[in-house]
Amino acid sequence: MNVLVDTNVILRAMQRGHPQQLSARRAVATISKEGNRPCITSQNLFETWTVVTRPIENNGFGLAPSQADRVLARVERLLVRLPDSDDIYQIGRAHV
């Protein structure tokens with residue numbers, strides 16, 4: 001079964017030192033261990049990009065676009081992106 005992983009889980013799993021980091025990572029691992037597929041959508045990726053590129057003082061991660069691109073590439077490698085219109089995804093990525 002496909003299990004959609006919420007953007008907040010993605011963000012917490014990657015945020016070093018966050019009190020919920022371990023819980024978020026365990027949640028995704030449990031999905032896989034139970035034979036399910038942890039999935040994301042283009043919307044998750046857009047939301048992740050927004051947070052990781054937002055300045056730290058505005059509750060973001062403060063990453064440069066090149067760093068954020070590497071983060072999203074890793075998320076895409078680790079989780080299954082459910083199909084939607086590739087046109088929408090490419091347009092969104094081109095405008096972030």
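The values are calculated or read from the model by the stated rules, or taken from the named source; none is laboratory data. Quick caveat: nothing in here was measured; it's all calculated off a predicted structure. Glycine also receives a Cβ, built like all others from the backbone with ideal geometry; neighbour counts cover every protein chain displayed. The accessibility values were calculated without ligands, DNA or RNA, using every heavy atom of the protein model including side chains. Shrake-Rupley method; radii C 1.70, N 1.55, O 1.52, S 1.80 Å.
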Quiz item: Within a Cβ distance under 13 Å of Leu63, other residues only, what is the Lys/Arg minus Asp/Glu net charge?
Solution: +3
Quiz item: Accessible area per residue, 1.4 Å probe, Å², for the chain: what's the number?
Solution: 65 Å²
Practice problem: Considering only Glu76, Glu47, Glu34, give the residue with the highest GNM mean-square fluctuation for the chain, with springs between Cα atoms whenever their separation is below 10 Å. | Solution: Glu34
Practice problem: Give me the distance in nm between label points sitting 7 Å out from Cα along the Cα-to-Cβ direction at Asn36 and Asn58, one decimal. | Solution: 3.4 nm
Quiz item: Ignoring ligands, DNA and RNA, what percent of the accessible area of the chain is carbon or sulfur (1.4 Å)?
Solution: 52 percent
Practice problem: Tell me, rounded to the nearest percent, the portion of alpha carbon pairs in the chain spaced more than 22 Å apart. | Solution: 27 percent
